[in-house]
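Chemist: Structure below; questions to follow.
A short reminder: the numbers here are calculations on the coordinates, not readings from a lab. These numbers were taken from a predicted model, which means no experiment stands behind them. Neighbour counts run over all protein chains shown; Cβ positions are idealised from the backbone, glycine included.
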Amino acid sequence: MSAISPPEYGSNPAPPPSGYRVPLNTTSAFPDPQQAGQPVAYDADGVSPIFIGSALFENSVHPCKIGPHLSPAASVPYGGTEHAHHGRYDLLPFISQQMEWVPTAHGRIPEYRRPVEGGYEDNGSKLYHALANFQGIRVPGKTGEHLGGCNFAFGGAEHVAQEDYAILYVKGVTIISSTQHSLYRCWK
């Protein structure tokens, strides 16, 4: 049996698998721009910023789009419709120095990279943050290998983009796999 050295710890450790979150609920005031981070998109009006987050349900957590101009602010694609989420949700500030959108298709999770976890289904299947292109508009959604694409909420319905979408990744983290374990290695 060979020993494995622990990873080096630097001054900039990789963020947790789901990123650093800002807890909010239906009645919360939207955080200031410094805390909210950069919007990942703009709504159909081309002016209203759209952010990403995760909506908490009783038995699952789903990636969602968040718009301070929406009421309620969080919207989730689920069951063929766009659900206005009432209750707890967590804003994920997009920090371009730590995160990047990586193109993918058909539910594939690109290998050797660490996607930002956005939640899980009630059966435990992992969900990740995704960004689809729909009628010239970038729309946040969710993806997972079991979904076969990016499911996103727009115009009151749940849509599926099997191609022309991206998944959110942590920059500079490579996953090295073996039969016995997985290691995260941070690039410096």
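Chemist: What are the semi-axes of the equivalent ellipsoid for segment 25-68, taken as the square roots of 5 times the Cα gyration tensor eigenvalues, largest first, in whole Å?
Modeler: Values for segment 25-68, descending: 20, 13, 9 Å.
Chemist: Return the FRET efficiency for the residue pair Ser28, Ile109: r is the Cβ-Cβ distance, R0 is 35 Å, and the value is rounded to the nearest 0.05.
Modeler: 0.65
Chemist: Can I ask one more? For segment 22-186, take N as its residue count and report Rg(C-alpha) divided by 2.2 N^0.38 Å.
Modeler: For segment 22-186, the normalised Cα radius of gyration comes out at 1.00.
Chemist: Along the Cα-to-C-beta direction of His146, a point sits 7 Å from the Cα; which residues of segment 49-72 have their amide N less than 18 Å from that point?
Modeler: 55-64
Chemist: Which length gain, in nm to one decimal place, applies between Gln135 and Glu58 when the Cα-Cα distance is subtracted from 0.36 nm times their residue separation?
Modeler: 24.4 nm
Chemist: If you don't mind, there's one more thing I want to ask. Which of the aspartates and glutamates could be linked to Lys171 by a straight reach, that is with a Cα gap under 20 Å, when you skip same-chain ones fewer than 8 residues away?
Modeler: Candidates past the 8-residue exclusion: Glu8, Glu100, Glu111, Glu117.
Chemist: Quick one: which of 75-84, 155-164 comes out on top by average Cβ neighbours within 10 Å, and what's the full order, highest first?
Modeler: 75-84, 155-164
Chemist: Give me a comma-separated list of calculated 3J(HN,Hα) values for segment 81-86, in order, Karplus coefficients 6.51, -1.76, 1.60 applied at θ = phi - 60°, integers in Hz, x for any Gly or Pro.
Modeler: Running phi through 6.51 cos²θ - 1.76 cosθ + 1.60 with θ = phi - 60° gives 10, 9, 9, 6, 8, 10 Hz.
Chemist: Once you order the gyration tensor axes a ≥ b ≥ c over the Cα atoms, which shape class does segment 43-100 get: rounded for a/c under 1.5, otherwise prolate or oblate by comparing a/b with b/c?
Modeler: oblate
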